Amino acid sequence: MSKITRRRFVQSSLAASAAVAIAPRFGRAQSANEKLGVAVVGGGGRGGEHIGRWLHDPRTEILYIVDVDEEAGAKRCDAIEKQQGTRPKFVKDMRKAFDDKTVDLVSTATPNHWHALCGVWAMQAGKDAYVEKPVCHNIAEGSALIAAARKYNKMCQVGTQCRSSKACQEAVAFIAAGGIGEVNFSRALCYKRRKSIGALGDYPVPSSVDFNLWSGPAPYTDPRVTRSKFHYDWHWQRLYGNGDSGNQGPHQTDIARWGLGIDTHPTNIITYGGRLGYQAERNDPNYVDAGDTANTEVTVFDYGKKCIVFETRGLEIDNAADEELNKLFGSASGNKIGVVFYGSEGYVVQRTYSDCVAMDKDFNVIKQFKGGENHFENFIDACISRNAGDLNADVREGHLSAGMSHLGNISYYLGENNKVSIDEVRQALSGIKSLDDNDKTLDRTVQHLKDNKVDLAKYPISLGPLLKFDPEREIFPDSAEATAMCTREYREGFVCPTADKV
Ligand SMILES: NC(=O)c1ccc[n+]([C@@H]2O[C@H](COP(=O)([O-])OP(=O)(O)OC[C@H]3O[C@@H](n4cnc5c(N)ncnc54)[C@H](O)[C@@H]3O)[C@@H](O)[C@H]2O)c1
């Protein structure tokens, strides 16, 4: 199909007026009203949401679906053709789509290990990039993405859509205006049930998947994998995913950091936890689950005057006994995924992506904040204005929030084999300045594990080292081992460049 027949007119008045100004940017004969061409990379569950949003936006047209699984890609192309009237091209290798000058922007919802390299390649090829959270799989990749966005003058929006949520924006503004007094501490929670992903084993890769391309910057293990469900469950294997601290975490820690006005990495970090409870869940003391990320994880992030604690709980959630939390969330049951800000005069609680409340010290609701997000639209607005300041979730924010997951996990991974008693955890926590009550957090966590029949004598908690981090140089000055974990070894052909080499 020729470019001319592909073109359709933009409906949006914003784009219609602004497109005149941006036309020369694309270097192709372009009508002022032409739509922005999109390549969606990764057509799984989240990619489906991206597709829906681009189909809905009158300023965009999907030109490519990139997926290393040809079945997933073909399914997406069929559905798009029905709705859009034109069929996107399907390719397995993202570089082919990036070579096409008619592609203006890339939106990527691949597994985590691909995010940064995909974003860097896209921007090097002259595209703007919407990159899912966590924006990187390690600290160095996040810095590379920022460098690429700045060097090539590209818009890079991170998929932390709460940044565009009216409820969250108003709640954060309320905190900043002193609505609950002085606030130096927030607690971010991911209490979300995650069952075992099945036994560690030797499973075939689906025949529709190009496993070399799927593996990309991660090691190419073999044409077999150790988890039974190929897609999605990579989240719980550290070669590709980052556990819930890098899955739900970057949404919650991002809000926790945003509300406290923190614009840097933490200086001290400590993590304790484990992948616990699946033996009891399976009623088999010798059961070995295929995941190797923590399903129970508490990290304390010390930012000097301010502090954030992030808690992951993957086992059955029963908070009936946690009265304070139940009051803050307005509910005694179910998952609790959110952020609590502790102020001198009250609390602000982010309960869902579109619902926040402010409470006084007696837990009376004093203000409610409601309203959803327009995160994808915000990205297009910035692609048109060419002002990165218009982005609600610029790549730097994504890097700082994804970085929390990586820093917390580095402490966890380094201490994974350091199985300790609860008292030893308690003692180690006394070494970090936290504005939370570390003892109470630990007690709650232990109670949660006991409630889930975890025999802590047989399956003890792991305790990571207390790590000092240099936020400017992005290294651990006292630990070469931890600093080495700020990057990874890449395979030839899939090397994510360092920030100075983008
Ligand atoms: N912002 C949000 O609220 C939100 C919600 C869900 C998921 N996510 C993020 O979206 C990402 C994808 O999640 P998912 O649940 O869709 O995962 P998934 O495993 O179900 O889907 C990933 C898709 O990407 C494809 N893929 C893998 N490597 C690729 C490559 N190199 N090029 C092209 N395609 C490739 C896979 O074949 C698969 O179809 C994750 O990083 C996740 O953190 C964000």
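The values are calculated or read from the model by the stated rules, or taken from the named source; none is laboratory data. Please read these numbers as outputs of a predicted model, since none were measured by experiment. Cβ atoms come from the backbone with ideal geometry, glycine included; neighbour counts cover every protein chain shown.
D284 - would you say it is out of contact with any Pro (no Cβ under 6 Å at 6 or more places or on another chain), in a loop (DSSP other than H, G, I, E, B) and touching a residue at least 12 places away in the same chain (Cβ under 8 Å)? Spelling it out, it is not the case that D284 is out of contact with any Pro (no Cβ under 6 Å at 6 or more places or on another chain), in a loop (DSSP other than H, G, I, E, B) and touching a residue at least 12 places away in the same chain (Cβ under 8 Å). With the condition kept exactly as written, say whether any residue in region 118-134 is of a type in the set (A, V, I, L, M, F, W, C) and under 24 Å from D470 (Cα atoms). There is no residue in region 118-134 that is of a type in the set (A, V, I, L, M, F, W, C) and under 24 Å from D470 (Cα atoms). If you check A290, A294, A280, which single one turns out to be modelled with pLDDT under 95, assigned by TED's automatic domain parsing to the domain that holds I197 and either more than 16 Å from H448 (Cα to Cα) or hydrophobic (A, V, I, L, M, F, W, C) (or both)? Exactly one of A290, A294, A280 is modelled with pLDDT under 95, assigned by TED's automatic domain parsing to the domain that holds I197 and either more than 16 Å from H448 (Cα to Cα) or hydrophobic (A, V, I, L, M, F, W, C) (or both), namely A280. Being within 23 Å of the chain's Cα centre (by Cα) and not assigned by TED's automatic domain parsing to the domain that holds G119 holds for only one residue in H406, H448, and it is H406. Across region 351-389, the qualifying residues are those that are surrounded by 15 or more Cβ atoms within 10 Å (Cβ to Cβ) and of a type in the set (K, R), and the one among them that is farthest from A188 (Cα to Cα) is R386. So, in region 231-240, of the ones that are more than 8 Å from the ligand (Cβ to nearest atom) and of a type outside the set (D, E, K, R), which residue ends up surrounded by the fewest Cβ atoms within 10 Å (Cβ to Cβ)? Looking at the filtered set, the residue picked out is L239. The single residue among T102, T110, T60, T86 that is near the ligand (Cβ under 10 Å from one of its atoms) and hydroxyl-bearing (S, T, Y) turns out to be T110. The set of residues in region 219-230 being within 10 Å of the ligand (Cβ to nearest atom) and buried (at least 16 other Cβ atoms within 10 Å of the Cβ) consists of F230 alone. Residues in region 241-281 that are part of a loop (DSSP other than H, G, I, E, B) and away from the ligand (no atom under 16 Å from the Cβ): G261, I262, D263, T264, H265, P266, T267, R275, L276, G277. Within region 318-329, residues that are buried (at least 17 other Cβ atoms within 10 Å of the Cβ) sit with their Cβ atoms under 8 Å from residues that are modelled with pLDDT under 90, at 6+ positions apart or across chains, in these pairs: N319/A332; N319/S333; L325/N319.
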